[in-house]
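Here the structure comes first, spelled out in structure tokens, and everything after it is commentary.
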């Protein structure tokens, strides 16, 4: 399967713990995005990478959140000192550098985080 | 800040009919608009993209229109099937930006009954 993959698919943690999610984009997609989605809402933008450079961060991304894409391939999203309000689906998407579908974002299955 | 509204949270129609979903936006001039389908517990799946200089796009049973004067997009599914039941999301893309950030509406949950 050559789609976007995310790991883990589900994560249950206790408040105050740190969690890290991984996203593997479609091969050769140089743009990678993270979104957060809560129940009944649409995805909300968190951050964006072009290759290894993090070009934009939303105000939603507090200092407890950090994202990396060290080699311009996979990306990680870490949440430190988790709070119950962090419970959500975390979605990763990627898009190609050039071509007819540069504005199309291809989403992964998401990581469902539950903070107890 | 921009605001995106999708008509009614839920839409129920009979199989074979045409489903029409609405996306309205304010305080924004998107360069393009996209429609995604999302099934429970899964990530959104891209369906169609329409740019600001386009009026209509079609793909098989799907049709999307884009009226930048009314600040509205309509998404049609003709000859609907129970398999079309899902949540449909409207997303707006930034003008002239290389960033590609999308602004999503809350979605409309479509149910097609036999």
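Just so it is clear, none of the values below were taken in a lab; they were calculated from the coordinates. If you're wondering where the values come from, they're calculated on a predicted model, not measured in any experiment. Reconstructed Cβ throughout: ideal geometry from the backbone, glycine too, with neighbour counts over all protein chains shown.
Brief remarks follow.
- Summed over segment A:93-116, the residues that are part of a strand (DSSP E or B) and more than 8 Å from every other protein chain (Cβ to nearest Cβ) give a count of 5.
- Residue match in segment B:59-66 (condition: closer than 29 Å to residue B:114 by Cα and out of contact with any strand residue (DSSP E or B) (no Cβ under 8 Å at 6 or more places or on another chain)): yes
- Number of positions in segment A:74-88 that are under 13 Å from the mean Cα position of the chain (by Cα) and either farther than 19 Å from residue A:14 by Cβ or part of a loop (DSSP other than H, G, I, E, B) (or both): 3
- Elements of type strands (runs of 3 or more DSSP E) in segment B:3-114, at least 2 residues being more than 9 Å from chain A (Cβ to nearest Cβ): B:3-6, B:10-14, B:19-26, B:32-38, B:45-51, B:56-59, B:62-67, B:72-77, B:86-93, B:108-113
- Residue within segment A:71-78 that is under 28 Å from residue B:106 (Cβ atoms) and either in contact with a helix residue (DSSP H, G or I) (Cβ under 6 Å, 6 or more places away or on another chain) or within 11 Å of another protein chain (Cβ to nearest Cβ) (or both) present: no
- Residue check, residue A:13 more than 11 Å from every other protein chain (Cβ to nearest Cβ) and on the phi < 0 side of the Ramachandran plot: yes
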